[in-house]
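The values are calculated or read from the model by the stated rules, or taken from the named source; none is laboratory data. These numbers come from a predicted model, not from an experiment. Cβ sites come from the backbone with ideal geometry, for glycine too, and all protein chains shown count toward neighbours.
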Amino acid sequence: MFGRLRKWDSRSQTKNSTDKNLRFALQEFDKVQSKLGLSDTVIERASLFYRKAIERNLIRGRTVKSVAAACLYASCRDLDHNRTLIEIANQFVINRKEIARVYRILFRELGFVVSIADPMKHITKIASKIGIKEKTIRKAVQILDAAQDAGIVAGKNPEIIAATVIYSACVISGASISQTAIAKAAGTSTVSIRNRIQEFKTKLGLFSTIN
């Protein structure tokens, strides 16, 4: 009898902890919704992802904020709302890399069916911010096509891919736009761009003059 009572007590505490965890996550979503200009639909989808994470016991060992932020990022991608990891990280006041790490775990474990974000959209967006010429934009699109044909775009962050092809195009066409300026316009980091550049060099056999 005492064994059964302990089991019931344990289950009760777990349920209470889960409910508290979910309430905190929903509060976090509510805090950032207006700041990021997100619709109720995006928040509802993020909440659904969070509930699934709880059901699969993926919260254990991770902070509520990191999981909530990852779920929100997944929701934004799913519903084609262009919000970068950096924008979300800034609002949740946590490290971008932590969100990315949790997102990858959730993507794998929950089997997210997320719409494929098109880097082309981000090329246009970044180009308008930094004011590059049409000739350079066309070169960036050509590089993107080559990268897609080589199979090195699928599954990669579209903002980083767009920033990488734009930087590559700027170097090739002689446009004097810095990595820092492009990274800022894309909402990513120069380190991320450099990492992708190295992959482009290795797998495309192009851009040997790019640093």
Could you list, in sequence order, all residues of segment 108-132 that are assigned to a loop (DSSP other than H, G, I, E, B) and modelled with pLDDT under 85?
GLY111, PHE112, VAL113, VAL114, SER115, ILE116, ALA117, ASP118
Cβ-Cβ under 6 Å, sequence separation 6+ or interchain: first residue in segment 53-76 and modelled with pLDDT under 90, partner part of a loop (DSSP other than H, G, I, E, B) and surrounded by 18 or more Cβ atoms within 10 Å (Cβ to Cβ). Which pairs?
CYS76/ARG83
Could you figure out which of (1) modelled with pLDDT under 90; (2) more than 19 Å from GLY131 (Cβ to Cβ); (3) of a type outside the set (Ser, Thr, Tyr) isn't true of ILE161?
(1)
Scanning segment 143-188 residue by residue, the ones that are free of Cβ contacts under 8 Å to residues at least 24 places away in the same chain and not small (Gly, Ala, Ser) total 6
What's the total number of residues in segment 164-204 that are of a type in the set (Lys, Arg), at pLDDT 85 or above and surrounded by fewer than 19 Cβ atoms within 10 Å (Cβ to Cβ)?
2
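Go through segment 77-104 residue by residue and tally those that are over 9 Å from the mean Cα position of the chain (by Cα), in a helix (DSSP H, G or I) and closer than 14 Å to VAL32 by Cα. So that I can check it myself, show each step before the final result.
Residues of segment 77-104 over 9 Å from the mean Cα position of the chain (by Cα): 78-82, 87, 89-95, 97-98, 101-102, 104.
Pick out the ones that are also in a helix (DSSP H, G or I) and you get 78, 87, 89-92, 97-98, 101-102, 104.
With closer than 14 Å to VAL32 by Cα added as a condition, the list becomes 87, 89-92.
The qualifying residues number 5.
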What number of residues in segment 21-73 are of a type in the set (S, T, N, Q) and outside any helix (DSSP H, G or I)?
3
